[in-house]
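Comments concern the structure below.
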Amino acid sequence: MKWDISDIKDWGPGRHEPGAVIPEAGNARAYKTGGWRTNRPVRDDETCTQCLFCFFFCPDASVLLADGKVADFDLDHCKGCAICATECPVDAITMHPESEFRRKAE
Amino acid sequence: MATKLSPKEYIKRPDHLTGGHRLCAGCGAGIVLRQVLMGAKDNPVVISNATGCLEVSTTIYPYTAWKDSFIHSAFENAAATISGVEAAYKSLLRQGKVQSDKPYKFLSVGGDGGSYDIGLQALSGALERGHDIVVLCYDNGAYMNTGFQRSAATPFGAWTTTSPDGKVRPGKTQQRKNLTRIAVAHGIPYVAQASPHNFRDLISKAEVAFDTPGPAFLNVLSPCPRGWRSADPDGMKLAKMMVQSCFWPLYEVVDGRYTINYDPKDRKIPIRDWMEQQGRFKHLFKPQFAYMIDEAQAYVDSEWDRLKSMTTLPGGGEA
Amino acid sequence: MSTTTEKLLAVTGNQAVAMAMKQLDPDVVAAYPITPQTDVVQTFSQYVADGVVKAEFVTVESEHSAMSACIGSAAAGARTMTATSSAGFALMWEVVYVAASLRLPIIMTTVNRALSGPINIHCDHSDSMGGRDSGWIQIYNEDAQEAYDATVMSFPIAEHADVRLPLMNMYDGFIISGAIGPLRPLSDETVKAFAGEQPVVRTLLKPEEPITVGPFDGLHGWYFEHKIAQNRAMEAALPIIQDTYDRFAEVSGRQYHHLMQYDMEDADVAIVVIGSAAGTARTVIKTLRDEGIKAGLIKIRTFRPFPTEEMARALSGVKAVAVLDRADSFGAQGGPLYLEVLAALYQKGVHTKTVNCIYGLGGRDLYPRNIEDVYRMLADAADGGDLPHSRVYLNMKGE
């Protein structure tokens, strides 16, 4: 069920679920941890052999699949730990400073 | 015993943990839980989690990273709490009061603190009573959440904040407690040790654990860059080395029968190879504490020999 | 129309409670033995072994695990019961608070026994008094009948939508728990009908709606608000408890109130007491009344939430009151009951002379003459004398 917490900062004692139960499973998706990153993973699709290792090694479930293949990184949540890049058997993933992308955006 | 499937098969299973939790970058616990829960396939799961890094970071009110039902009540009682959930399920199911297409699975999770030490009693009681549950320990070798204090699982010689190295002390002076053997001693149907670097091995063991009626225990190595003083990207690499040195053997005990899943044989590496890459062992490379590494290596070797001997016993060995 | 059975049984307090549990037929019982609660659980175990109850019975390995399993069970939507005493209650203290904070309607019988040390298996109220801040509803019972009735009344109170709090029923260890007394049980149908159906609530076991129970709520969160909500539920519980007492009177013929009052209408002097000592006090009142001392007695049933209004009203015409505590709060102005009564009187502007008498710790007997002495002390004060400002110990050895 969708639990509307957009104004939770103003919630008094009567608004919360009794016992502080969180009734919407997986709503942490809405909390962005991408800002933790210093470095961002970039995957070279040509070099990638689709071994899927990076998917299994990501602590933040931030390797996104499409049609059973690695497609993208979830930049809202990726913390830049670089385990994916370290474990990729063919070095298809490289880490780049976030600043690189900020400059491009500017 | 576990049958490994290909990664392509495993990705068909739902991912039970979302991003948006506040575990450290590179945290082993996040990796371990994602893999273990793939072993539950698409059955609904109830997770009971002891206080610790995983619990605190994944359930910061009002957010939860868990897609399944989850309960935390205290530090030492994850296994007792899940015993109550499982009992309720049995009772309500008998009365036709649970509407679920697929059977529920019950997972009790603790770090080494909530499993080896303060959580040991509840863990033992739950295993002894024979609940249909999986008990998982993500072993990062210290009470990490409260600032890296030593646990019974802390490796021999490791610096922790309550076993620091100093002018007269060389770090932790006790060898590790072997919780996996303690679990085997309860006579439960399935016990396994795993590491997330070998995800096919881990997920297949988790699957056996979830599918085995009665209690199952999984002890899984969980790298912690903060507490190990290692680099964020190195978690899986270090886990692999720790397995390859036989410090953390991959094995299963099915109805008391031991099987070693990986024997490095002549590719076995010395433990100093991975100790060098973890700052918590830095002091052991000073001349006055070098004996500690020798002692640690001797103990790892004798434990490995003992484990190998367990596989040769006809009925399987008692721990 | 009363559907009380006419059958009068002779049973111990523990057997009476076990009987009520059998009739309530909860989904899960998770308990650990401790004297003098033991045969509540043992009797229930026999029911399980004979297949006359449906409960899943979890023989946990400690009381801390008992309450933890109860939390898991109640969060999974099961009607859950347990029982303990003394050190067992003390051991589960951490999770007793958690159970209340999670707003789980767990029902626990706490057979009153002294806390260690020295270790002592006999009756006093130090165990349950230690949990008075925990957020549990606390009901004290004088005898086997009250204990049975309280157990039957528990779920409608605890599960009420405006309450949703765990509830503990107390009665005196050995004196009531192990002594045979009269019991008029209700029929199975009456008990089942009174307990009613469990209301639909959030549960861990709904596949389409998984929930997270027991999150971390830190410095910049809403811990404070959750606690305020807990207290508001307590306040809401007070009228709901009386309402339940009233409904129970309709089916049983036994009418309960937060305070049970004896000869209070014209009382000049009164004793406030909890538990079986009330029975002793009642026999003494007759003697004193015959002497012309207008003695009255207040026995507290509902301790949490505390019936402040009722207490103040009951004592407003009284000239001198002794509050009898079967527990102490070392270093405080008096025992826990004394502090509560004084706070109630002061809040409501009732001025009366008060004294705190500590009795019965570790099972020390309380004799009718001890109570007589108290009433005579009160009578002197009512005539213009003073009451001691420090604790008066009843039946102390030595000095």
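The values are calculated or read from the model by the stated rules, or taken from the named source; none is laboratory data. This structure is a prediction, so every number in the text was calculated from the model and none was measured. All Cβ positions, glycine included, derive from the backbone under ideal geometry; neighbour counts span all protein chains shown.
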When (1) within 25 Å of C:Thr80 (Cα to Cα); (2) facing chain C (nearest Cβ under 9 Å); (3) touching a residue at least 12 places away in the same chain (Cβ under 8 Å); (4) not aromatic (Phe, Trp, Tyr) are applied to B:Gln95, the one that fails is (3)
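Here are some residues: B:Met38, B:Met1. Which one is more than 9 Å from chain C (Cβ to nearest Cβ) and at pLDDT below 95? I'd like the intermediate steps shown before the answer.
Numbers: B:Met38 fails: at pLDDT below 95.
Just a single option satisfies the conditions, and that option is B:Met1.
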Only one of B:Gly110, B:Gly114, B:Gly157, B:Gly125 is of a type in the set (Gly, Ala, Ser) and in a loop (DSSP other than H, G, I, E, B), namely B:Gly157
Reported set for segment B:45-62 where residues are within 11 Å of chain A (Cβ to nearest Cβ) and farther than 25 Å from B:Asp201 by Cβ is B:Ser57, B:Thr59, B:Ile60, B:Tyr61, B:Pro62
Filtering segment C:356-378 for residues that are touching a strand residue (DSSP E or B) at 6+ places or on another chain (Cβ under 8 Å) and not in a loop (DSSP other than H, G, I, E, B) leaves a count of 8
Scanning segment C:243-256 residue by residue, the ones that are surrounded by fewer than 17 Cβ atoms within 10 Å (Cβ to Cβ) and touching a residue at least 12 places away in the same chain (Cβ under 8 Å) total 4
Just one listed residue, out of C:Pro118, C:Pro105, is within 14 Å of chain A (Cβ to nearest Cβ), in a loop (DSSP other than H, G, I, E, B) and not aliphatic (A, V, I, L, M), and it is C:Pro105
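Condition check ((1) modelled with pLDDT under 95; (2) of a type in the set (A, V, I, L, M, F, W, C); (3) within 24 Å of the chain's Cα centre (by Cα)) across all residues:
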position	(1), (2), (3)
C:Ser329	no, no, yes
C:Ala343	no, yes, yes
C:Lys353	no, no, no
C:Gly360	no, no, yes
C:Ala382	no, yes, no
Discussion item. Going residue by residue through segment C:178-193, is there one that turns out to be within 22 Å of A:Glu24 (Cα to Cα) and either within 14 Å of another protein chain (Cβ to nearest Cβ) or not hydrophobic (A, V, I, L, M, F, W, C) (or both)?
Written reply: no
Residue count, segment B:107-124, condition buried (at least 24 other Cβ atoms within 10 Å of the Cβ), touching an Asp or Glu at 6+ places or on another chain (Cβ under 8 Å) and within 11 Å of chain C (Cβ to nearest Cβ), comes to 2
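Looking at the structure I just gave you, is B:Lys102 at the interface with chain C (Cβ under 8 Å from one of its Cβ atoms) and touching a Lys or Arg at 6+ places or on another chain (Cβ under 9 Å)?
Yes; evaluated as a whole, the condition is true for this residue.
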If we take segment C:1-89, then strands (runs of 3 or more DSSP E) inside it with 1 or more residues that are over 20 Å from the mean Cα position of the chain (by Cα) are C:9-12, C:28-30, C:56-58
Problem - Test for B:Arg169: is it over 17 Å from the mean Cα position of the chain (by Cα) and over 25 Å from B:Pro44 (Cβ atoms) - result: yes
Within segment B:74-106, of all residues that are among the hydroxyl-bearing types (Ser, Thr, Tyr) and crowded, with 24+ Cβ neighbours inside 10 Å, the one nearest to B:Ser48 (Cα to Cα) is B:Thr81
Those residues of segment A:55-104 which are within 12 Å of chain B (Cβ to nearest Cβ), part of a helix (DSSP H, G or I), of a type outside the set (Phe, Trp, Tyr) and surrounded by fewer than 24 Cβ atoms within 10 Å (Cβ to Cβ) amount to A:Ala85, A:Thr86, A:Glu87
Yes/no for B:Tyr299 being part of a strand (DSSP E or B), surrounded by 15 or more Cβ atoms within 10 Å (Cβ to Cβ), hydroxyl-bearing (Ser, Thr, Tyr) and on the phi < 0 side of the Ramachandran plot:
no
